[in-house]
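Student: Handing you a structure now.
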Amino acid sequence: MKSAVETLNPTRVRLSIEVPFEELKDSLDAAYKKINQQVTVKGFRKGKIPARVIDQRFGRGAVLEEAVNDALPKFYTEAVNEAELNVLGQPEVDITELKDGETLNFTAEVDIRPEIEIPDYSGIEVEVDAVEVSDEDVEKSVEQLRERFASTSAVERAAAEGDVVTIDLEAKVDGEVLADGVAEGVSYTIGSGELLEGIDEAVTGLEAGGEATFTSQLKGGSAEGKDAEVTVKVTEVKARELPELDDDFAQLASEFDTLEEMQADSRKRLENMKQYDQATQAQERVLDKLLELADIAIPEKLLEDEVNTRKHNLEHHQLGQMGLDLEGYLKIQGKTVEEFEAETKEQAVKGIKTQFLLDELVNKEKLNVSQEELTEHLMRRAASSGMSPDQFAQAVVEGNQVPMLVGEVARGKALAVVVEAATVKDTKGEVVDLSDEDEDETAETVEASTEDAPADEKTEA
């Protein structure tokens, strides 16, 4: 076999491959054997039909077609390996010449990973938010805890914001009560915004037994999106009572004996959260700077596929679970279709560039992923997915996704190398030390940047 490579552009090549006919012998034998098992000829046992009979009865062309289909992937892969190409996706194959007994010539156009020069990242400087926890932050955190331990008691007065009311609802569209538009005994906290638009204004000021009618656009059900006339009747009003902010509350709501100790712990937790957010912010901003410094070409077909994948995942998975379509989602987001398209393309470009650049850095720095690192990353991914580690591991193995996880960890380590070399200062001008940050957390930043990134392993024809 002979092959030659023609560079069409920085991300696409054409392979021209010439195969002497004798190298098709194995594929021809396999073709005759396959056809033998599929056809019957009177006077011959199944599987024992001579090749000359198959040629006469079914045509030599059918045999050649079967043989070529069998041989193409092998010779294409051989040519790719010989040229040391890092191909992306499926090739476009064109048989240019097939002479029985003489030669098989074909071309294969395929996208390849572009050659990437790692930019000098030693001078990268970014600014991040300072870690500051105010007394108001602590107070808000403790207040949220009080809300969780609030109790309710029935009151004989008009309902007000923050009260919990028990209500009956009836929705009509065009004067007809909807089959799924009646609900009784619904518990609702006024001001929570968890039900229909306009319900807060309708029930505020009503005592038990009172009712009101208002118009609201339905968020779900058989008449989703339509305006309905909704009648709401209050059957009970309950006031929410917060526990006293004292040592007894600290003992009830935490493992601490005093309110002061609980507040100090709350402050420490908030500091840790802000430090984590600061580290994530640093990683994202360093990555953005790194991408700005790099010149990376992207294959058009790969970008098109990535954009389509992101749209599909959003429409058929994320929005489907929320009971929304794309039109409803864009309305909520206040975006036009054009803005959505541009944003999706921008995200896809960033995802592909991030993967290309960090993979190149992994190779340059010769970064390896240990079993311990992979296991720890798997545990974190399992926790974020809501699955047990065993369930997640089984799903990963069955889906052949182990290389994907290894890639995430490796890219995280590559980004950690860049972050360590960068200068990170907070808004107060103080240098932030990120040397103790877990590389697996950095992998999560990379994962978010390359979400739904396409597979880029070498692909056979």
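Quick note: the coordinates plus some simple rules give every number you see, no bench work behind them. Bear in mind the structure is a predicted one, so any value in this text is a computation, not a measurement. All Cβ positions, even for glycine, are placed from backbone atoms using ideal geometry, and neighbour counts span all protein chains on display.
Student: Give me 44, 106 ranked fewest to most by other Cβ atoms within 10 Å of their Cβ, as a rough exposure proxy.
Tutor: Listing 44, 106 from fewest to most nearby Cβ atoms yields 44, 106.
Student: Same structure again: Taking each full run of DSSP H in the chain as one helix, which ones are at least 24 Å long along their axis (Cα atoms) and have mean Kyte-Doolittle hydropathy of at least 1.0?
Tutor: 402-421
Student: List the GluC sites (Glu not before Pro) within the stretch 355-431 that fall in a DSSP loop (any state other than H, G, I, E or B) and whose Cβ has at most 12 other Cβ atoms within 10 Å. Intermediate results must be reported in sequence, preceding the final value.
Tutor: Values: sites: 360, 365, 372, 373, 376, 398, 408, 420, 430; in loops: 430.
Hits after loop and neighbour filter: 430.
Student: Could you list the GluC sites (Glu not before Pro) in the stretch 95-185 that lie in coil according to DSSP, counting only those with at most 15 other Cβ atoms within 10 Å of their Cβ? Could the numbers behind the result be given before it?
Tutor: Details: sites: 97, 102, 109, 115, 117, 125, 127, 132, 136, 139, 143, 147, 156, 161, 170, 176, 184; in loops: 102, 115, 117, 132, 156, 161.
Those that pass, being in a loop and sparsely packed, are 102, 115, 117, 132, 156, 161.
Student: Can you pull the Kirkwood radius for the stretch 2-112, inverse mean 1/r over Cα pairs, to one decimal in Å?
Tutor: Evaluated over the stretch 2-112, this radius sits at 15.4 Å.
Student: Looking only at trypsin sites (Lys or Arg not before Pro) in DSSP loops with at most 11 other Cβ atoms within 10 Å, what is the longest site-free stretch of the chain?
Tutor: The longest such stretch corresponds to 158-365.
Student: If you take every residue apart from residue 175 with its C-beta less than 15 Å away from the C-beta of residue 175, what net charge results, scoring Lys and Arg +1 and Asp and Glu -1?
Tutor: Working: positive: 172, 226; negative: 170, 174, 176, 227, 229.
With Lys, Arg at +1 and Asp, Glu at -1, the neighbours total -3.
Student: Now for a separate question. Express in nm, to one decimal, how much length is gained between residue 337 and residue 309 on full extension, taking 0.36 nm for each residue of separation and deducting their alpha carbon distance.
Tutor: So the extension gain works out to 8.4 nm.
Student: I would also like to ask the following. Determine the gain in length on full extension of the stretch residue 77-residue 316; use 0.36 nm per residue of separation and subtract their C-alpha separation, reporting nm with one decimal.
Tutor: Details: separation 239, 0.36 × 239 = 86.04 nm, distance 3.48 nm.
Computed gain between residue 77 and residue 316 is 82.6 nm.
Student: Which loop GluC sites (Glu not before Pro) in the stretch 217-303, with loop taken from DSSP, have no more than 14 other Cβ atoms within 10 angstrom of their Cβ?
Tutor: 224, 244, 255
Student: Related question: If the cut-off is a Cα-Cα distance under 12 Å, which aspartates and glutamates reach residue 2, setting aside same-chain residues fewer than 8 apart in sequence?
Tutor: Within the straight-line limit of under 12 Å, residue 2 reaches these aspartates and glutamates: 18, 23, 78, 82.
Student: Can you give the relative contact order of the stretch 120-195 as a percent, counting alpha carbon pairs under 8 Å and 6+ residues apart?
Tutor: 24 percent
Student: Excluding residue 427 itself, calculate the net charge of residues whose Cβ lies under 11 Å from the Cβ of residue 427, where each Lys or Arg counts +1 and each Asp or Glu counts -1. Write down the numbers at each step before the final one.
Tutor: Numbers: positive: 425, 428; negative: 127, 129, 132, 426, 430.
Around residue 427, the surrounding residues sum to -3.
Student: Sticking with this structure for a sec: Mind checking the full-extension length gain between residue 42 and residue 103? Use 0.36 nm per residue of separation minus the Cα-Cα distance, one decimal, nm.
Tutor: Result: 18.6 nm gained on full extension.
Student: Let me ask you something else. Grab the beta carbon distance between residue 347 and residue 155, set R0 = 56 Å, and tell me the FRET efficiency rounded to 0.05.
Tutor: Step by step, r from the Cβ atoms, then E = 0.65.
Student: Right, something else. Let me have the 222 nm mean residue ellipticity of the chain computed from DSSP H runs of 4+ only, each contributing -39500 (n - 2.57), with the sum over all residues rounded to the nearest 500.
Tutor: -15500 deg cm²/dmol
Student: Sticking to Cα atoms, compute the Rg of the stretch 259-449 to one decimal and its Dmax as the biggest Cα-Cα distance, whole number, in Å.
Tutor: Rg, Dmax (Cα atoms, Å): 19.1, 60.
Student: By counting other Cβ atoms within 10 Å of each Cβ, how are 367, 88 ranked from fewest to most?
Tutor: Values: 367 18, 88 25.
If I rank by nearby Cβ atoms, fewest first, I get 367, 88.
Student: So, one more: Would you mind checking the stretch 251-291 for residues with the amide N under 17 Å from a putative spin-label position 7 Å along Cα→C-beta of residue 139?
Tutor: 260, 263-264, 266-267
Student: Going Cα to Cα from residue 42, which lysines come in below 22 Å? Please leave out same-chain ones fewer than 8 positions away.
Tutor: Here the lysines satisfying the reach criterion relative to residue 42 are 33, 34.
Student: Rank these for me by crowding, 151, 435, going from fewest to most other beta carbons within 10 Å. Before the final figure, lay out each step's value.
Tutor: On the way: 151 10, 435 7.
The most exposed by this proxy come first: 435, 151.
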